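Asker: Below is one structure. I have some questions about it.
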Amino acid sequence: MRVQRMMMLLVSASLLMACGIPEDEHNSALDKIKSLKAEMGQQKKTCDETIADLDKKNNRITDENSAMKAKLVSLGQDLTKVKTQAGAYMQDISEKEKQIADLMKAQEAARKRAAMFRSLIDKFKSMIDSGKLNVEIRKGRMIVKMSDKILFDPGKDQIKKEGQQAMMEVTKILASLPDRVYQVAGHTDNIPIRSRRFKSNWELSTARAVNVVKFMAENGIDAKRLSAAGYSEYDPVGDNSTDEGRMLNRRIEITLMPSIEELPKFGE
């Protein structure tokens with residue numbers, strides 16, 4: 001190593017002597033070169049550190065950007081979900097408002113029917129008290145119910161004198177109700193009729209209803225507001241296995257048919 005170092009010194013000295021450059025200038029130049037190399041090395045290190053720092057910042061910004069994009073996508077989905085829910089809520093509110101409006105209409109109709117029923121009770125009070133008839137609500141309809149023994153003799157369809165007087169009072173009251181349509185229905189018990197004229201209780205119940213309708217039409221109610229039906233024994237209100245029940249089943253019912261305003265709308 002020492003020989004090599006001596007050889008390098010000799011070579012350097014020879015070069016200096018050959019170039020004619022003083023040794024102190026040469027050493028000064030070498031010092032500047034070393035200084036520049038050291039400075040360049042430091043600048044390179046600084047640049048490398050700056051690049052590394054920028055890479056870190058770029059990666060962080062890229063990650064933040066991706067996170068922001070994901071958040072925006074999520075917010076967009078949430079907004080769509082909120083809009084969908086809001087639309088559903090608005091529709092539900094609209095339906096609830098419609099239901100409330102329909103309920104209010106139904107309540108008003110029920111109030112009017114109740115008022116009419118009370119009014120009808122008041123009008124028929126004397127006849128109810130005397131036992132000639134009864135007023136009731138059955139199957140959602142107001143019904144004036146009269147026993148057959150007031151109107152007819154057993155097995156007969158012609159209204160007897162006492163029954164005509166009662167029917168005159170009933171007809172006068174019902175005629176006072178504007179635009180009301182009535183159905184008169186005849187009902188019997190389940191004991192088969194034995195009559196040359198009537199082959200069954202169907203014929204008897206129907207004939208009785210028709211004669212009541214004719215009487216009402218002849219005494220002040222427009223025939224267009226009247227109809228007749230015979231139910232025979234098939235719509236009982238009492239037990240046909242007992243005398244009391246059969247007596248209840250032998251009857252004439254005058255049903256106050258609902259008006260158009262009282263009927264539910266299509267789709268309800």
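The values are calculated or read from the model by the stated rules, or taken from the named source; none is laboratory data. These figures come from a predicted structure and were not determined experimentally. A quick note on method: Cβ atoms are made from the backbone with ideal geometry, for glycine too, and the neighbour counts reach across all protein chains shown.
Asker: So if I check each of L120, L103, L79, which one is assigned to a helix (DSSP H, G or I) and at pLDDT 85 or above?
Answerer: Just a single option satisfies the conditions, and that option is L120.
Rundown of residues vs (1) crowded, with 19+ Cβ neighbours inside 10 Å; (2) farther than 16 Å from R251 by Cβ; (3) in contact with a Lys or Arg (Cβ under 9 Å, 6 or more places away or on another chain); (4) not assigned by TED's automatic domain parsing to the domain that holds Y231, yes/no style:
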site	(1), (2), (3), (4)
R118	no, yes, no, yes
M168	no, yes, no, no
T188	yes, no, yes, no
L204	yes, no, yes, no
R208	yes, no, yes, no
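Residue-wise test of (1) among the polar types (S, T, N, Q); (2) in contact with a strand residue (DSSP E or B) (Cβ under 8 Å, 6 or more places away or on another chain); (3) free of Cβ contacts under 8 Å to residues at least 60 places away in the same chain; (4) not in a strand (DSSP E or B).
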| residue | (1), (2), (3), (4) |
| --- | --- |
| D153 | no, no, yes, yes |
| D157 | no, no, yes, yes |
| V170 | no, yes, no, yes |
| L204 | no, yes, yes, yes |
| A217 | no, yes, yes, yes |
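Asker: Among the residues in region 223-235, are any over 30 Å from D122 (Cβ atoms) and not in a loop (DSSP other than H, G, I, E, B)?
Answerer: yes
Asker: From the list S195, S126, exactly one residue is polar (S, T, N, Q), loosely packed, with under 12 Cβ neighbours inside 10 Å and either farther than 27 Å from Y234 by Cβ or out of contact with any strand residue (DSSP E or B) (no Cβ under 7 Å at 6 or more places or on another chain) (or both). Which is it?
Answerer: S126
Asker: Considering only residues of region 238-268 that are exposed (fewer than 14 other Cβ atoms within 10 Å of the Cβ) and modelled with pLDDT of 95 or more, which is farthest from the chain's Cα centre (by Cα)?
Answerer: Filtering first and then ranking leaves D243.
Asker: For region 172-202, enumerate the residues that are among the aliphatic types (A, V, I, L, M) and not in a helix (DSSP H, G or I).
Answerer: Result: L177, V181, V184, A185, I191, I193.
Asker: Here's another thing I want to ask about it. Condition first: of a type in the set (A, V, I, L, M, F, W, C) and either surrounded by 11 or more Cβ atoms within 10 Å (Cβ to Cβ) or not in a helix (DSSP H, G or I) (or both). Can you find one or more residues in region 134-141 that meet it?
Answerer: yes
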